[in-house]
Amino acid sequence: MTDSLETTARALVAPGRGILAADESSNTIAKRFALIDLPSTEDNRRDYREMLFTAPGLGEYISGVILYDETIRMTDRHGTPFPTVLERQGMIPGIKVDLGVVPLAHFPGEKITEGLDGLRQRLEEYRARGARFTKWRAVYAISPEMPSLTGMRANAEALARYAALSQEAGLVPIVEPEVLMDGDHSLERCEEVTIAVQTEVFHALSAHRVAFEGMLLKPNMILSGGDAARQAGVEEVAMATLRALRRTVPTAVPGIVFLSGGQDAIPATAHLNAMNQIDDVPWQLSFSYGRALETPALLAWKGDPARVAAGKQALLHRARCNSLARYGRYSRAEEDAFGQQAA
């Protein structure tokens with residue numbers, strides 16, 4: 001079992017490829033569609049996902065796609081289940097299995113992720129539908145008092161229990177402890193909190209006998225708070241992020257698939273690129289972006305059937321840029337060249 005999990009995990013972080021996080025909840029995708037004044041109907045959601053998943057050659061840059069519960073049950077216009085559509089493109093289907101965050105009782109401002117009840121049975125169903133990996137997200141806000149040790153440990157325990165159940169079902173868990181960039185905290189404070197969070201996560205994973213070789217970590221990058229007066233530069237972010245990883249993540253973990261965490265598309269690519277220009281890193285440094293990959297495609301598409309090709313082109317461009325960043329070869333010239341082509 002561990003060998004097959006490791007094979008899948010390594011395939012997901014194969015050189016030059018990364019993960020498309022197309023796992024927006026119903027509420028989140030309604031907010032995304034509001035950007036283009038498009039109602040969030042089932043047909044519109046299916047058309048949007050089909051546009052993304054059928055972009056020609058997407059599998060050259062994307063190794064796997066995280067689906068939402070609704071999406072893994074959908075078919076394309078020809079009646080082909082979306083997991084099969086992805087596999088035909090050379091991409092591995094995955095599934096978000098947490099049920100979202102709720103307030104942590106007695107800890108104002110802190111959150112805990114729900115979804116452990118009935119998870120074993122849901123994992124069996126998702127595997128039967130074609131999923132080969134899973135994802136569970138925990139969130140941590142930064143303030144002078146947060147996150148508390150109780151909040152960190154509660155979420156670490158949930159992440160570990162989820163990961164153990166996923167591996168039991170033969171599915172690779174992507175463990176996502178996201179330290180939010182909301183606030184005016186410094187880069188140094190983000191690094192301090194991230195190290196504390198990831199230390200608790202890996203302690204819990206070890207206690208639950210999760211095989212590190214058969215999992216992936218989806219962490220935040222170390223960033224200044226969005227409202228901070230001073231925003232750290234690209235190289236500072238890269239160095240601080242790798243420093244935190246080196247202090248917390250076992251080298252047995254095959255790869256790190258960063259979340260974009262509210263970053264715009266170009267900064268998310270630039271930060272990944274800078275990290276991959278640093279030598280002596282023991283993990284594959286990859287991406288698992290949602291908004292940073294999808295928003296340009298969404299804005300190009302606009303819900304218009306006549307603009308499907310434009311949406312696909314925008315997605316392929318962002319996927320290619322992040323593929324180059326995996327080798328440390330991305331440059332702003334790529335953006336300029338695409339802008340001239342799309343004009």
Check: Out of all the residues in segment 70-87, is one or more in contact (Cβ under 8 Å) with a residue 60 or more places away in the chain and hydrophobic (A, V, I, L, M, F, W, C)?
Finding: no
Check: Filtering segment 185-212 down to residues that are within 22 Å of the chain's Cα centre (by Cα) and of a type in the set (S, T, N, Q), which residue is nearest to ALA240 (Cα to Cα)?
Finding: THR194
Next item on the list: Could you grab me the full set of residues in segment 232-253 that are buried (at least 23 other Cβ atoms within 10 Å of the Cβ) and either in contact (Cβ under 8 Å) with a residue 60 or more places away in the chain or of a type in the set (Ser, Thr, Tyr) (or both)?
Entry: THR241
Notebook entry, point to check: What are the residues in segment 293-343 that are basic (Lys, Arg) and closer than 27 Å to VAL257 by Cα, if any?
Noted result: LYS312, ARG318, ARG320, ARG326, ARG329, ARG332
Item checked: Filter result (among the aromatic types (Phe, Trp, Tyr) and more than 16 Å from VAL179 (Cα to Cα)) within segment 207-258 -> PHE212
Checklist line | Single match in PHE107, PHE53 (criterion: at pLDDT 95 or above and under 18 Å from the mean Cα position of the chain (by Cα)) | finding: PHE53
Next item on the list: Report whether or not GLU24 is among the charged types (D, E, K, R), closer than 25 Å to PHE287 by Cβ, at pLDDT 95 or above and not in a strand (DSSP E or B).
Entry: no
Margin query: I want to confirm something. Restricting to segment 92-110 and keeping residues that are of a type in the set (A, V, I, L, M) and under 19 Å from ALA131 (Cα atoms), which single residue is surrounded by the fewest Cβ atoms within 10 Å (Cβ to Cβ)?
Written below: LEU99
Checklist line | Which listed residue, of LEU223, LEU259, LEU216, LEU205, is touching a strand residue (DSSP E or B) at 6+ places or on another chain (Cβ under 8 Å) and over 20 Å from SER63 (Cα atoms) | finding: LEU205
Next item on the list: For segment 163-184, indicate whether the set of residues that are in a loop (DSSP other than H, G, I, E, B), touching a residue at least 12 places away in the same chain (Cβ under 8 Å), surrounded by fewer than 23 Cβ atoms within 10 Å (Cβ to Cβ) and polar (S, T, N, Q) is non-empty.
Entry: no
Next item on the list: Give the residue, chosen from ALA333, ALA319, that is among the small types (Gly, Ala, Ser) and farther than 22 Å from ILE36 by Cβ.
Entry: ALA333
Next item on the list: Output the qualifying pairs, or none if there are none: Cβ atoms under 8 angstrom, residues six or more apart or on different chains, first residue in segment 30-41 and within 11 Å of LEU299 (Cβ to Cβ), second residue of a type in the set (Phe, Trp, Tyr) and surrounded by 11 or more Cβ atoms within 10 Å (Cβ to Cβ).
Entry: ILE36/TRP301
Margin query: Kindly evaluate ARG120 against the criterion of being surrounded by fewer than 15 Cβ atoms within 10 Å (Cβ to Cβ), touching a helix residue (DSSP H, G or I) at 6+ places or on another chain (Cβ under 7 Å) and at pLDDT 95 or above.
Written below: yes
Checklist line | segment 222-231: number of residues that are touching a helix residue (DSSP H, G or I) at 6+ places or on another chain (Cβ under 6 Å) and surrounded by fewer than 24 Cβ atoms within 10 Å (Cβ to Cβ) | finding: 1
Next item on the list: State all residues of segment 91-108 that are without any contact (Cβ under 8 Å) to a residue 40 or more places away in the chain and more than 22 Å from ILE174 (Cβ to Cβ); if no residue qualifies, say none.
Entry: PRO103, ALA105, HIS106, PRO108
Checklist line | Filtered residues of segment 1-51 (kept if more than 30 Å from TYR327 (Cα to Cα) and hydrophobic (A, V, I, L, M, F, W, C)) | finding: MET1, ILE29, ALA30, PHE33, ALA34, LEU35, ILE36, LEU38
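The values are calculated or read from the model by the stated rules, or taken from the named source; none is laboratory data. Keep in mind it's a predicted model, so treat the numbers as computed, not measured. FYI the Cβ positions are ideal-geometry reconstructions off the backbone, even for glycines, and counts take in every protein chain you see.
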